[in-house]
Amino acid sequence: TRITSPEFTCLGRDGWFLEMVLHGRPGTAWLNINNLSIESEEIIKVPYSLSVRNLAGEEVVFIPGIYCSDERTLGCIIPLQRIMKALVEGTLTVEVRMKTIGPTNDSPAAFIPKNPIRENILKLFMDESSADVVFEVGGGQQQAVENDHKKAKTSPISFYAHRLILQKCAPALAEICGSDSGGRGDNNNMTSVPITNIKPNVFRSLLHYVYGGKLSDAELEENAKDLIDAADKFGVVNLKLKAEVCYVESITLAIDNILDNLLYADSKNCALLKETVVDFVVENKEDVLGKVSFDNVPGSVVTDVLTAMTRGEEKGDGGVVNTNNIKTMRVGTLRTKLREKGLDVDGTREAMIALLSEHS
């Protein structure tokens, strides 16, 4: 279920609105800010915060973030109970604070062409004439031929790429290409690299993203888990986190799938997914108790459970959570703070806390 607010104008721009999606985890919702009026080629960044207060005027929800028109805004998962307590005659009032970075639309701005580097790199996507690497994806699988007992091999699909771009944007993928042989030159100098255990369409999406392309929401949702696997394997961190957010938004947690999701999150260092599953376990502990065996889960899960319980105990009488305690800080907030400092945002919750503490 998706609920949107009336559109409003801020910083000289029309078309701003809030959206709330009832989350896959029972009893929670995803609150976010968006703007669909911004042209696709325009890139703006707007720091914002969302605040919800209860009838006593106490802040029960506070969401900081940065809206970026060329990225999926993360938003935040919040308990529905807090929202229900803040309703006034069935209406939820959200205070939005935004500040501008650069000029607004209050007055006509001079035409300033943007840096074309992104478009120029994207033009190199699948450009065979300049590529020095070709990935051969898939192929070799046996498929039964209709009305025949014979089997036919499928041919691999070729994807052309450039070492220099891969080294900066997909280091693990660049590493398996080996050293540069001295330039493109001719076909004899192009390195051929077989890629297995990845669907060709998923690899294409990953490579397109590496070259600066955008993935549609439908493409992300359809292949979220496969993209997490591929991005994690080849070091495309931003795509991994983007796909993780999409996966968390789309799944419906239940007793029969929490263990699989928990083990998967731990194996891929998907801290947000792990936090979401642990929150579900804590909120539904009576239903989970005795029905799910945690004998094979990593020991770190115990720490995550205690963190979720402590976070709940930190609420004051008005339901306000202490957002400044780094030990109980949400994964989304940890990643935001790490990114602001130019630090690595891909890792376990413990690793992110340690890194942030080291640079505080």
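Numbers at a glance
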| read-out | value |
| --- | --- |
| Distance violations [Cα-Cα > 21 Å] among K233/K341; K45/K327; K225/K327; K199/K268 | K233/K341; K45/K327; K225/K327 |
| Gyration tensor (alpha-carbon) shape descriptor, the range 160-272, a/c threshold 1.5 | prolate |
| Karplus-derived HN-Hα couplings along the range 278-283 (A = 6.51, B = -1.76, C = 1.60, θ = phi - 60°), whole Hz, x at Gly and Pro | 4, 4, 4, 4, 5, 6 |
| Apportionment of accessible area to carbon and sulfur, the range 195-244, percent (1.4 Å) | 45 |
| Cα-based equivalent ellipsoid of the range 219-288: semi-axis lengths in Å, sorted from largest, via gyration tensor | 23, 12, 9 |
| Computed over the range 152-288: relative contact order in percent, which uses C-alpha pairs under 8 Å that are six or more apart | 18 |
| Per-peptide average of other Cβ atoms within 10 Å, ordering 82-94, 112-124, 159-171, 261-273 highest first | 261-273, 159-171, 82-94, 112-124 |
| The range 222-263 - accessible surface per residue (Å², probe 1.4 Å) | 36 |
| Pair-distance profile P(r), taking every C-alpha pair of the range 223-360, with 5 angstrom steps and integer % | 2, 9, 19, 21, 20, 16, 8, 3, 1, 0 |
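The values are calculated or read from the model by the stated rules, or taken from the named source; none is laboratory data. For clarity, every value in this text was computed on a predicted model and none was experimentally measured. FYI the Cβ positions are ideal-geometry reconstructions off the backbone, even for glycines, and counts take in every protein chain you see. Only protein heavy atoms, including side chains, enter the accessible area calculation; ligands, DNA and RNA are left aside. Shrake-Rupley method; radii C 1.70, N 1.55, O 1.52, S 1.80 Å.
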